[in-house]
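Notes follow the structure.
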Protein chains: 4
Amino acid sequence: MTTLRHPDFNSPELANAPDAKFVPAPADGVLPEDFFSTTNLPTYVRIKGAWRMPREPRMDSALVLDDDGLWIKEGRKLSKGDLVAVGSAEDGSEGIYVHTSSFLADEEGEFKFMTSEVSREKPIDYSLMAAILIDERERGGYPIWVTGPALVHSRARADMVWFIENGFVSALLAGNAVAVHDIEASIFGTTLGMTRTGEATTGGHGLHMRAINKVRAAGSIERAVENGVITDGIMHACVQKKVPYVLCGSIRDDGPLPGVYTDTAIAQDAMKAHTTKATMAVMIATALHAIATGNMLPAFVSEPDGTLREMPTICVDSAEFVVSKLKDRGTHQAFGVVTNAQDFMHILRLFVERELDGRSTVPASARHAAVAR
Amino acid sequence: MTTLRHPDFNSPELANAPDAKFVPAPADGVLPEDFFSTTNLPTYVRIKGAWRMPREPRMDSALVLDDDGLWIKEGRKLSKGDLVAVGSAEDGSEGIYVHTSSFLADEEGEFKFMTSEVSREKPIDYSLMAAILIDERERGGYPIWVTGPALVHSRARADMVWFIENGFVSALLAGNAVAVHDIEASIFGTTLGMTRTGEATTGGHGLHMRAINKVRAAGSIERAVENGVITDGIMHACVQKKVPYVLCGSIRDDGPLPGVYTDTAIAQDAMKAHTTKATMAVMIATALHAIATGNMLPAFVSEPDGTLREMPTICVDSAEFVVSKLKDRGTHQAFGVVTNAQDFMHILRLFVERELDGRSTVPASARHAAVAR
Amino acid sequence: MTTLRHPDFNSPELANAPDAKFVPAPADGVLPEDFFSTTNLPTYVRIKGAWRMPREPRMDSALVLDDDGLWIKEGRKLSKGDLVAVGSAEDGSEGIYVHTSSFLADEEGEFKFMTSEVSREKPIDYSLMAAILIDERERGGYPIWVTGPALVHSRARADMVWFIENGFVSALLAGNAVAVHDIEASIFGTTLGMTRTGEATTGGHGLHMRAINKVRAAGSIERAVENGVITDGIMHACVQKKVPYVLCGSIRDDGPLPGVYTDTAIAQDAMKAHTTKATMAVMIATALHAIATGNMLPAFVSEPDGTLREMPTICVDSAEFVVSKLKDRGTHQAFGVVTNAQDFMHILRLFVERELDGRSTVPASARHAAVAR
Amino acid sequence: MTTLRHPDFNSPELANAPDAKFVPAPADGVLPEDFFSTTNLPTYVRIKGAWRMPREPRMDSALVLDDDGLWIKEGRKLSKGDLVAVGSAEDGSEGIYVHTSSFLADEEGEFKFMTSEVSREKPIDYSLMAAILIDERERGGYPIWVTGPALVHSRARADMVWFIENGFVSALLAGNAVAVHDIEASIFGTTLGMTRTGEATTGGHGLHMRAINKVRAAGSIERAVENGVITDGIMHACVQKKVPYVLCGSIRDDGPLPGVYTDTAIAQDAMKAHTTKATMAVMIATALHAIATGNMLPAFVSEPDGTLREMPTICVDSAEFVVSKLKDRGTHQAFGVVTNAQDFMHILRLFVERELDGRSTVPASARHAAVAR
C-alpha cells in the first residue's frame, strides 16, 4: 500500500503561484475554450491564496467552482455561466498543480496517454523503415533478415524475393520450415497442402514431405535449383543471387532439408558469422529465430571510423507479445511492428519502391541537404 | 475416454483390397518418389492378404517393411534399399487404410492440415475482397462499414476517406471515439495526443477534450464542418458526400459529440435501419460494434427478384479472437482477416485501385465471360 | 458470391407442415413464454398454407404478424396483444422452417452459438483432467509432460514438482531454458534475474549464465544435484525420482547445460522413445515443443489387448493460437485450455488432490459402478 | 539514425579505474566462478591503462583475452586456461564499463531482463491481492468490481458469489450480458446455450432470450429473485446481500433486462456514484467496462484524515492488450494480471480463504507488528 505525500506548498513555485483563473461556461454543456483538462492524479487549485483539492476527481473533465465548493465535472453537466478553471500548465504556474511525482517517478513525470512501448494502436512508420533500408543499401551495409514460416504461408514470398533480388538482403537467417514451405510452393503451389486462397487440399498433407524428399534426392538446395526442381521463390532467389542463408534446425523439423544445421550450437556459430557483420536487422513472424538472433546481436553498430550508432532492429509480429519478450530478453533497441507478415512485406516494398522513385529524381546532394536541415 | 473400433475388414472395399506395394529406397535417407506419407491415425497395411498395423506410428513419415516387421520411420533414417510402401490412397484401394472415421466424424473425413477457420497463417485474398466491393458499387448495393477507433489511431484515415469519397461506403456505423479521434486529428494533428509517428506529446492528454468541446460549441458535426472547424478526415468526408453515419454511445465515451446516440436502444434502431438494407458488411477493429452489427445482420441478402445469396461479411482484427467470438455469437458467415487495421486499409485500397484500372481497360462483357469460364 | 437455393416446398416435410401458431404478447415488451427465437438464416413461416419470409430478418428476436405483414422484431418493441409465433422446432414441423443447409453444410446443420473449438470463453473441465491423470496412474499408463519455460518463470515450479513426486509424470520433454530457469531459481531464487514477485534485480541479467556455469563445472545435472548445487525444483525432482527427461537444444539456448541434445535429429529420436510409449500428453506453454511432440505423437493409444482409444492430449497456452496451430498441423485430438500456466498447474493440482481424497474414501468398485451407470 | 557518443574517459571514475582482472578458465567450456557476464551494449575494458572494446560483442557471454586481442565469446567455446575477465560492476570500478546511458536513458540506466510492465511471463502475486482485499474489508473500504461476461461463461460464477456473500464486494459494475448469462445459468443451466462442460446444445441459441423474457415478465431482477425465477448466482447474491449493482447498456445487448441503464450518459453517472467512493478496483475480463471505469476512477484514495494513497487497481485479462490499453488511456496505476477469468477467481478465493484462516489464528496486533517489522 503506497502512501503518497502531498506536495510541499512552501516550495517557491507553489508558495508564489497565482490564483487559478475561472471563466464562465459559454453555453450549457460547453466549456470555455481554454479549459483545464483534468487527470486522475492528485490535483490542487489555488483559490484566494489557499490550495484546495477538488471533489470527485477524474480525468478528462473540468474544474468547476460553485457555492458548494470545488468540483471536477464532466463538460456535459455544466450549465451556461458555471465557473470553469482555465489554463494548461500543471506545475502550479497558473494556479493549478498536478502532483505527478509520487506516481510517475519512472516516467517523464507527466500525465500522458499512449505511452506503452509496443501496441497495435500505434502507427507504423513505413516511410522511415523504407528510408533506412535504402540508406543501408547505399552505404554498403549488411542488413540481415530473420524470418519465420508465416512469411511463406501467407504468400509474402513474392515480396521477399523482390527484396532479395534488389539487394536489400545481405543474409537470410531462418529455419527448415521456411525453406520447406517455400520449396513446396515452388513445386506444388501449396504450403502444408493449403492453396494460395487458403483451402486445404485432398492429399495435401504429404506435399511438404514430397518436396523435402525431392531436394534430398537432388543432394542440396543448390543442386535442386540447378536441376530445375526448384524454379522460383525465396531459396531460389538466394541461390541465384548468391545471398548467403543459414537454415537452423529445430525439433519441429520434418526432413530436414540438406544444408540445415541440425546441431544448434553449430547453427548458432553460423548465425553469429552474420550477426557480427550486421548493420541492421529485420525480424519477421518468428519468436524462436528473433530471440536467438537478439541474443547474439549487439545493440549498436561500430562504424569503420570508430563511431557508434544504434543498430536498427525491426521486429514484426501479429501480437505485441513477441516484441515484448524480445525486449525482456535484453534486445531493448527493437522497434515493434504489430501486424500480419504478408501485409508488412507488401507495404514495405511499396514504400521502398516509392522512395526509390523519389530519390531517382532528386540529386543525392539535395536530398542530404534536405535531411540535414 | 473414447474407445475406437477397428474398421470392418469384411466390408467389400477392405476384403477385396490388394496388397500394399513396397519399393526400395533409392539412396540413404531418400524415399521412393511415390512414398505413402503417414498420418497420426490408426493405419492398416495389407501384406500377404492380412491387415497389419505398423509399429511406432507418427505422421509425416514412411511405412517400412523389414525382417522385424512393419514400421513407421522418418525418411532420414532409411538406408538405400529399405522397402517403403508407395501410394496415396487412404481408403484401402492401394492396400493402405487410414481409419479416419472414428476421429474426424464432424469434419470431411480426411486427414488434413490447415483446417482452422480463422488464422493469421492463412493468406488474405485482397483481390477477391476488392472485386466484391467494386461489384457491389456497380450493382448499386449497400455496403455498410463498421469501424473501431484503431482505424483512426493508426492513420488509416486517408484510406477510409478515399473509400467514402469513391462511393464504396453506403453507411458508416461507429462510436463516439472514432469521430473524436478523427476530429482531433483534423484540428490538432494528433490522436489522444499521439503524433502521426506515435509519440506522446506534452499537454496532449487534453486535446481530444478540446476537440469535443469545439464541436459541442458549434452545435453539431455538420455545423463544425461548415464553420471550418473540421477540415478533413472521415467525418468531414461523410458530411461532404452525404454518406449517412450512426455514432453509437458507450459508457467509455468522453463528451459525447453532438449527434451521438447515447441511448443504446435508440442507437440499435438507428443501426438496424442500415443493416436491414445492407448487401455487404466490412467490420474493422471493433469487437463491440462488430458483434452488435452481427446480432442484427441477416446472414443472407434477398435480391429484389427473390433470389438469396450469402451476405459478404468481412471482419478484420489483429487477433483471431474477435472473429471467433463473432462466429460464436452466430455470425457464421463472417470471413476473418487477421491483420493490423492500418495495413488492411492501405492494401485493400491498392487492390481496389488496381482492379478498377484493370476493369477500365477490359470491356465488361469480356470480363464476365472470363469469370464464367 | 454464393447463391442459395430456397428449400423444396414440395418435400413431404414441408408440404404437410401445419400453419405456424401465433399467440398474443402478454404485456408491452414481453413475449409469450414459448416464443420462437429467430436466427440470422433464411426463415419461412407457414401462414394459411403458404410459406412466407419475414421482413427485417435478424437473430435473437421474435416473429410478429400484423396488418402490414410478417416481421422479425426485437421483444422490447412489442405491444401487449401483438401476435407472436411460438414453437421451437426449426424443421417446419411447427410451421416454421430455418434453412440451415446451404449455410452450415460442414457443421451439424443447426444454428448454434459457441461452436468454436478453442476459446478462452469456454469452461475448463479440471475435474475431467484430474480424473484422467489419476486413471492413467492407476492403470500404469505413461503420461508425458511437455513444458515451456513459462512454467518456471511464473512459479508453477512447486506444483510441477508435486506432480513429479506423486507419480503423475512418466517423462518430461522440455528445452534447455526450462532447466536453466529452474536451476537459476534453485541457486539464486530468481528467473532471468526476476524475483518471485516479478521485480528485475540489479546484476540479475547474469544469474542464468552463472547457474549454467555451475552445472557445467559439475559436469552434469545429476552431479549438480548430488553435490548440493541444485537443491530443489523440477530437475532436482526428476533426478531424485528417476523420472526420465529429455532436454532438446534450440538456437535460443544459452550454455547449454550438460545433457542437452544439441543435435535436433538426435533430440527427436530421444523424444520419440517416449512418445512411442505415451498413453497421454500434457503440453504447457510451449509452441515449439508442443508442435514437435504433436508431429510424432499418434492420435491413439493401442492397448496391450489390441483395443484402441483416443490419446488424451491437453494443450495449455495463454492464447488460442498455439492450440489452433497444433490442430492445423494434424494433432486434431488436442484439447485446448486457454489460461496462464501458473494458474493451470495450481488448479489442476488442487483438483487432483480433491479427487484423490474422494477416491480414498470410496471403494474402487463403487466408483466404477458409478461411472458405468 | 541515432549516433552514440563514447563515454568520457577523462571523467574521474574512468580515468582512475583499475585494469580489469583476468582469470584462467578452470576447464574446457567452463568459466571462472566470478566471470563478467556481457550485455549487448557498448563495453569498454581497461587493459594496461587503456580502454579497449571487445570484438564480436553479444550478451550472455564472457570477455576473453588472447594473442589476437580482446573478444566476447560464448562459454562453451573456451578452452581450459583461456583468460576470462571477472567482476560484476558495470561502472568501470572493476575495469569494465558498460555504456548504458545513450541507450537506456528513460529507464533505470541499467541493463536488465524482464522489465516490461505487463506480461504473461510475470508471476501473479495472489497473496498480496488477497491481503489487500481482506485489509479493505477490515477497514471498511469500498472495493468495486467491474466484470465482463467471460466471468459467467467460464463458470467463475460460484466464486464471484462467494466474494459477494463474504463482504468483499461493495458494488458491482457490469453490463447487461453479465446479468443475462448469469440468469440463463440459474434458470437453464447454460450460458448462450453452452453447458457447463462447454458443449453447444440443441435449441440453446434461444435460451438467453427466454431468460431475458422471464425477467421482463417479472418486471425486475429483484422481483424475479423474489418470485423464485432466479434461484442462485451473481445477481441473486447481489439482491439477497443488498450489494448495489450498476448494469450499463451497450449496443450489443439483447433485451435488455429491466434495470439496465440504456442511456450511456446516465449509466456513467450511476457508475461514478460508486467510483467516487471506491477505495479499490478489481476489473475482470472486460475492455469496455474497465476502460470506462478507468476514465472516471482517481488514481488515488483520499483518506478521511486527508492522507493519500494509491488506489489499488487490478486488471485481469487473458491478453496483455487490455491492460496496456487501460494504461495508455491514463490509468497508470493498474496492475495487470494476464490469465483466464475462471482460474483467477478460483485461485484468488483460495488465497483469501487461506489468509483468513491464517489471520484468525494470529492476533491482529501480532500481525501488524509483523508487517511493520
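The values are calculated or read from the model by the stated rules, or taken from the named source; none is laboratory data. It should be emphasised that the depicted structure is a prediction, and the values quoted were computed from it without experimental measurement. Cβ: placed from backbone, ideal geometry, glycine included. Neighbour counts: every protein chain shown. Quick note on the areas: whole protein, heavy atoms, side chains included, nothing else; ligands and nucleic acids left out. Shrake-Rupley method; radii C 1.70, N 1.55, O 1.52, S 1.80 Å.
Taking residues in the range D:146-167 that are away from every other protein chain (no Cβ under 11 Å) and under 20 Å from C:Ser127 (Cα atoms), and partners anywhere that are assigned to a helix (DSSP H, G or I) and modelled with pLDDT under 90, the pairs with Cβ atoms closer than 7 Å and at least 6 places apart or on different chains are D:Met160/D:Leu151.
For C:Gly228, indicate whether it is under 24 Å from A:Gly330 (Cβ atoms) and either surrounded by fewer than 22 Cβ atoms within 10 Å (Cβ to Cβ) or within 12 Å of chain A (Cβ to nearest Cβ) (or both).
For C:Gly228, the condition - under 24 Å from A:Gly330 (Cβ atoms) and either surrounded by fewer than 22 Cβ atoms within 10 Å (Cβ to Cβ) or within 12 Å of chain A (Cβ to nearest Cβ) (or both) - is not met.
Looking across the range B:142-186 at every residue that is within 25 Å of D:Ala292 (Cα to Cα), in contact with a Leu (Cβ under 9 Å, 6 or more places away or on another chain) and β-branched (Val, Ile, Thr), the one that is surrounded by the most Cβ atoms within 10 Å (Cβ to Cβ) is identified as B:Val146. Go through the residues of the range D:72-80 one by one and say whether even a single one is modelled with pLDDT of 95 or more, assigned to a strand (DSSP E or B) and within 19 Å of C:Gly206 (Cβ to Cβ). Checking the range D:72-80: at least one residue is modelled with pLDDT of 95 or more, assigned to a strand (DSSP E or B) and within 19 Å of C:Gly206 (Cβ to Cβ).
Being within 30 Å of C:Thr279 (Cα to Cα) and of a type in the set (S, T, N, Q) is the requirement here; does C:Asn166 meet it? Write out each step before concluding.
Values: within 30 Å of C:Thr279 (Cα to Cα): yes; of a type in the set (S, T, N, Q): yes.
Yes, satisfied.
Of the numbered criteria (1) within 14 Å of chain A (Cβ to nearest Cβ); (2) over 36 Å from the mean Cα position of the chain (by Cα), the one B:Phe36 fails is (2).
Go over the candidates B:Ala156, B:Ala237, B:Ala200 one by one and state the one that is modelled with pLDDT of 95 or more and either at positive phi or of a type in the set (A, V, I, L, M, F, W, C) (or both). Answer to the check: B:Ala237.
Applying the criterion of being within 14 Å of chain D (Cβ to nearest Cβ) and of a type in the set (Phe, Trp, Tyr) to the residues of the range C:298-354, the residue that is surrounded by the most Cβ atoms within 10 Å (Cβ to Cβ) is C:Phe344. Among residues of the range D:175-202 that are more than 12 Å from chain C (Cβ to nearest Cβ), those with a Cβ under 6 angstrom from a residue that is of a type in the set (S, T, N, Q) and open to solvent by less than 10 Å² (accessible area, probe 1.4 Å), sequence gap 6+ or separate chain, pair up as D:Val178/D:Thr147.
Among the residues making up the range B:11-32, those that are in contact (Cβ under 8 Å) with a residue 40 or more places away in the chain and part of a loop (DSSP other than H, G, I, E, B) are B:Ala17, B:Pro18, B:Asp19, B:Ala20, B:Ala25, B:Pro26, B:Asp28, B:Gly29, B:Leu31, B:Pro32. Residue count for the range A:242-278 under the criterion of being among the hydroxyl-bearing types (Ser, Thr, Tyr), open to solvent by 30 Å² or more (accessible area, probe 1.4 Å) and not in a loop (DSSP other than H, G, I, E, B): the result is 2. Of the residues C:Asp91, C:Asp34, the single one that is within 29 Å of B:Arg309 (Cβ to Cβ) and charged (D, E, K, R) is C:Asp91.
Scanning the range D:251-273 for residues that are closer than 23 Å to D:Ala156 by Cβ and away from chain B (no Cβ under 13 Å) yields a count of 1. Taken over the range D:187-204, residues that are open to solvent by less than 10 Å² (accessible area, probe 1.4 Å) and outside any loop (DSSP other than H, G, I, E, B) amount to 3. Every condition in (1) more than 38 Å from the chain's Cα centre (by Cα); (2) of a type in the set (Lys, Arg); (3) open to solvent by less than 40 Å² (accessible area, probe 1.4 Å); (4) under 30 Å from B:Met271 (Cβ atoms) holds for C:Arg55 except the one numbered (3).
Yes or no, residue by residue, for (1) more than 14 Å from chain C (Cβ to nearest Cβ); (2) under 14 Å from D:Leu83 (Cβ atoms); (3) modelled with pLDDT under 95; (4) under 42 Å from the mean Cα position of the chain (by Cα):
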| residue | (1), (2), (3), (4) |
| --- | --- |
| D:Pro7 | yes, no, yes, yes |
| D:Lys21 | yes, yes, no, no |
| D:Leu31 | no, yes, no, yes |
| D:Asn40 | no, no, yes, yes |
| D:Val45 | yes, yes, no, yes |
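Of the residues making up the range D:279-297, those that are more than 10 Å from chain B (Cβ to nearest Cβ) and open to solvent by 10 Å² or more (accessible area, probe 1.4 Å) are D:Thr279, D:Ala285, D:Thr286.
Every listed requirement among (1) in contact (Cβ under 8 Å) with a residue 60 or more places away in the chain; (2) over 23 Å from A:Phe344 (Cβ atoms) is met by A:Thr279 save one, (2).
Yes/no per residue for (1) out of contact with any Leu (no Cβ under 7 Å at 6 or more places or on another chain); (2) in contact (Cβ under 8 Å) with a residue 24 or more places away in the chain; (3) at positive phi:
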{"site": "C:Thr293", "(1), (2), (3)": "no, yes, no"}
{"site": "C:Glu303", "(1), (2), (3)": "yes, no, no"}
{"site": "C:Glu310", "(1), (2), (3)": "no, no, no"}
{"site": "C:Ser318", "(1), (2), (3)": "yes, yes, no"}
{"site": "C:Val323", "(1), (2), (3)": "yes, yes, no"}
{"site": "C:Asp328", "(1), (2), (3)": "yes, no, no"}
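Being in contact with a Cys (Cβ under 8 Å, 6 or more places away or on another chain) and farther than 21 Å from A:Leu151 by Cα: is that true of A:Thr276 here? So A:Thr276 does not fit the description; no.
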